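Structure, as C-alpha cells:
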Amino acid sequence: MMKVTKAVIPAAGLGTRVLPATKSMPKEMLPIVDKPAIQYIVEEAVQSGITDILIITNRGKGLIEDHFDRVPELEARLENGGPEKEAILKDVIDIAHRANIYFVRQKETRGLGHAVNCARSFIANEPFAVLYGDDVILGKNPVCGQLIRAYEEFGLGVLGVKEVSPAAIHKYSSLKVENIRGCYYKCTDMIEKPSEGQVMSLFSILGRCVLPPEIFDILDQTAPGAGGEIQLTDAMCTLARSKGMVAVDFDGRRYDMGNKLGIMQANCEVALEHPEIGGAFRTYLKELAKTL
Ligand code: UTP
C-alpha cells in the first residue's frame, strides 16, 4: 500500500457567505483567535504525516502565499525583542518550514471538483488527502490521519463524514452507507445537495477525504452538477458506485469558516482553551452570559 504523503487544500472559492469580510481577504485567512484558518488545516495535515501540500488559490489570494513565507524584517525585529518575543519568533519561522508548500491557481471558479483537478500533475500517480480550505476540524487526533489509517486498512478512497440535521442535509451531501465496524462504513452511493426525496442517510461529507489518483480521469468526465459547478461529490459518487469507498465517522469538532456562525463558534471555543487568554475569556463569557 502506497503511503499518503501529499495533500491538496482547495482555497479558491469566492466566499460569498462572509462578505464584505472576504471582499479583498480570502476566507481561509480569517483568524481563529491568533492564527488564520488555513494554518490550523496545514498543521492538521503535518500532524497526520503529510510532507507535501498543494494549496489551490485564485486571484487575490496572495495573502495565503505570504503567510507561509519568511519575513526577514519582522524576524529581525522579534530577535531583538528579548526572551518574551523569542517564542513568537519561533512560531513565525516554523510556519514556513512545517511542510513543503506549493501553490497553483484555479483560473476560473468552476467548482471544488475542478479545483482538485488542478492538482493532477502535482499528485501524479499517488493517493492523496483533500482538506477543504474552509473546514477547520480540531481535536486530539488529527482527522486527516484518521482517514489515512482507513485508507491503509481498506485500500479504498475514504470520506470524512458526520451526521447532520435533517434540516441541514440539503446544503450538504447525503451518503448511502452500511456499517463495517465502529466508525467505519462502506459507502456505495452519494448525492450532492439532495432534495427531499433524494436523502439516503444523514451522513454527509464534511471537509476531508483521501482519494486514489483514478479520481482525475473521473473528474475529466464529470459534467457540471449542482450550481453549474464541477462537483467533487459527483466524481466520488462514480468511484463509490464502481469500487466502493469507506466513510469514517471521524472524531473531531468541525467549524465551517465559510459561514458567520461557524467563525464565531470556532473563535469562542478556541479562545476558551487558549493558554494566554483562556482564563480571562472564560470570566468575560460567564459575566456576559448573565446578561443574556
Ligand atoms: P464552498 O462550497 O464553500 O464555496 O467551497 P465558496 O465559493 O468558497 O463559498 P460561498 O458559498 O461562496 O460562500 C468549498 C471549498 O472548495 C473551495 C473553497 O475554497 C472551499 O475550500 N473551492 C470551491 C475552490 O477551491 N474552487 C471552486 O471553484 C469552488
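The values are calculated or read from the model by the stated rules, or taken from the named source; none is laboratory data. What you are looking at is a predicted structure, and each value in this text was computed from that prediction instead of being measured. Here the Cβ positions follow ideal geometry from the backbone for every residue, glycine too, while neighbour counts run over all protein chains shown. With ligands, DNA and RNA removed, areas are computed over all heavy atoms of the protein, side chains included. Shrake-Rupley method; radii C 1.70, N 1.55, O 1.52, S 1.80 Å.
Here is how the numbers come out for the structure above:
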| read-out | value |
| --- | --- |
| Selection count where residues are open to solvent by 40 Å² or more (accessible area, probe 1.4 Å) and farther than 13 Å from Leu138 by Cα, scope region 252-267 | 4 |
| Verdict on Gly207 being out of contact with any strand residue (DSSP E or B) (no Cβ under 7 Å at 6 or more places or on another chain), on the phi > 0 side of the Ramachandran plot and not charged (D, E, K, R) | no |
| Enumeration of residues in region 268-292 that are more than 24 Å from the chain's Cα centre (by Cα) and open to solvent by 90 Å² or more (accessible area, probe 1.4 Å) | Pro275, Glu276, Arg282, Tyr284, Lys286, Glu287, Lys290, Thr291, Leu292 |
| Whichever residue in region 1-35 is of a type in the set (S, T, N, Q) and outside any helix (DSSP H, G or I) and, among such residues, is farthest from the ligand (Cβ to nearest atom) | Thr5 |
| Test: residue in region 36-57 that is in a helix (DSSP H, G or I), among the acidic types (Asp, Glu), modelled with pLDDT of 85 or more and within 21 Å of Leu147 (Cβ to Cβ) | yes |
| Flag if Glu276 is farther than 27 Å from Met190 by Cβ and part of a loop (DSSP other than H, G, I, E, B) | yes |
| Enumerated strands (runs of 3 or more DSSP E) restricted to region 110-211, each holding at least 2 residues that are open to solvent by 50 Å² or more (accessible area, probe 1.4 Å) | 158-163, 173-181, 184-192 |
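Residues are listed down the side, and each one gets a yes or a no for (1) in contact with a helix residue (DSSP H, G or I) (Cβ under 8 Å, 6 or more places away or on another chain); (2) of a type in the set (A, V, I, L, M, F, W, C); (3) open to solvent by less than 70 Å² (accessible area, probe 1.4 Å):
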position	(1), (2), (3)
Ile9	yes, yes, yes
Thr16	no, no, no
Ser24	no, no, no
Ile50	yes, yes, yes
Thr57	yes, no, yes
Gly60	no, no, yes
Ala76	no, yes, yes
